[in-house]
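Just so you know, all these numbers are worked out from the coordinates, no wet-lab data involved. These figures come from a predicted structure and were not determined experimentally. Neighbour counts are summed over all protein chains in view; Cβ atoms, including those assigned to glycine, are modelled from backbone coordinates with ideal geometry.
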Amino acid sequence: MEYREIGKTGIKISLVSFGTLTMSHVQKNMSPKDGSILIEKAIESGINYFDSAEIYDTYRHIGYKKLPDSVMIGAKSYAYEYDTMQLSIEKALRETKRDLIDVFMLHQQESELTLRGHKPAIDCMLKAKEKGLIRLIGVSTHHVECVKAASEHEEIDIIFAIFNYRGLGIIDGTVFEMQKALENAYNKGKGIFIMKGLGGGHCFREPQKAFGFLRQFPFINSVVIGMQNEDEIKYNISMMSGLEIPKCVSDRLINRKRYLNVEHEGCQRCGRCVRRCDQKALSLTENGIVVNRNKCILCGYCASVNIFYRIFFIRK
C-alpha cells in the first residue's frame, strides 16, 4: 500500500481509504459487528483511514471495537450553526468511542456562499480543533466552485471532492475543470481526498481506465472507496497499486449489478427524494419514483429523507 502526505500536515494516509456508506442502512445494511469485521480486514490490508458521516449512521460500526491508534477516521455533518455542530462532534466522538476525530468535514458544500453560511459551524470546528477534539477540518463536495472557494480558506485543511474519468456526479463543471481546481488547491497546501472514483459503479466495467485515471495525479492524497467484502478490499488496493488481479476475483466483482431500487409501498408522493437528488436522477410519476440509472451515482442521499418507504441499493 502506498501512503501519501495529507497536504503539508506531515500526516500519511493510505492511497486507498475505506468509505463506510456502503455498509450503512441505505446500502448493505451491515450490523455494527459485521461492519467492524470488515474494517479489521481493511486495516490488515494496509488501509488507515475510514470515512463516515452522521447521515450514514456508521459511527457505531467504527466504534464497535477499539481500533489501533494508527487508524484515522473521518466524520461529516450538515450542521451550519455552532450549537448543532457541537452536538454533531460530540455524537461522532461518543459513537466512534474516540477521543479525537482525525478529519471532521462540512458535508456536501457547494460554493463560497454555502461556506459563508456555515461560518458558525466552522467556528465550532475550529474551537474543537483547539481543544484537541478534531485534528483536521475539511469539506466534501460535488462542485468545482466549492473546491475553488475552499482552497482560499486557511481554516480548511482537506477537500473531499467527486472525481472520475467520466465526470459523473460533478454538478457544475467538467472533468478538466475539476482537475485544475483540485490541482490548484493541492498547490496551496490542501489535502485532496477523492470520492466516487468509480462513478458510483458506472465506471466499474472499465476498471483499468477508471483506476489508471486516478493513479496519474500526484495531487490526490487518497481515494475513498466504498467496499462490502474482502474481495473488494483486495481488488481496489491492487488496482490503485497497478497490480494484476486474479481473473476469478475480477470476474466475480465486475459481474455484480449495482443499482438503486425503490419500494413504493407507503410512498406519500411528497417528492422529497426527488428534490434531494443533486444528480437529477429521480422523477415522480403517476406510478411512483422512477430512477434514471445513467445519472444515479449511488450516493444514498435520497434515502436519507424518506421515512415512509424504502430506497436501497442492490448488489448481486
Using alpha-carbon positions, the gyration tensor of the stretch 71-171 gives root eigenvalues a ≥ b ≥ c; with a/c under 1.5 called rounded, otherwise prolate if a/b exceeds b/c, else oblate, the class is prolate
Trypsin sites (Lys or Arg not before Pro) in the stretch 1-102 lying in a DSSP loop, each with at most 16 other Cβ atoms within 10 Å of its Cβ, come to LYS8, LYS65, LYS66, LYS97
Which of LYS33/LYS97; LYS127/LYS180; LYS148/LYS180; LYS119/LYS190 exceed 21 Å between C-alpha atoms? The answer is LYS127/LYS180
Here the relative contact order (percent) of the stretch 33-168, from C-alpha pairs under 8 Å and at least 6 apart, is 20
Those GluC sites (Glu not before Pro) from the stretch 103-184 that are DSSP loop and have at most 14 other Cβ neighbours within 10 Å turn out to be GLU152, GLU154, GLU155
With the 8 Å Cα cutoff and a minimum separation of six or more residues, the stretch 3-254 has a relative contact order in percent of 20
Protection proxy (average C-beta count within 10 Å per residue), highest first, orders 133-140, 238-245 as 133-140, 238-245
If the chain between LYS295 and GLU90 were fully extended at 0.36 nm per residue, the gain over the current Cα-Cα distance would be 70.3 nm
Looking only at aspartates and glutamates whose Cα falls under 17 Å of LYS65's and that sit 8 or more positions away or on another chain, we get ASP34, GLU40, GLU44, ASP51, ASP57, GLU95, ASP99
Taking a crude spin-label model, label points 7 Å out from Cα along the C-beta direction, the ASP83 to LYS119 distance in nm is 2.0
By the Cα gyration tensor axes a ≥ b ≥ c (a/c under 1.5 gives rounded; else a/b larger than b/c gives prolate, otherwise oblate), the shape of the stretch 3-254 is oblate
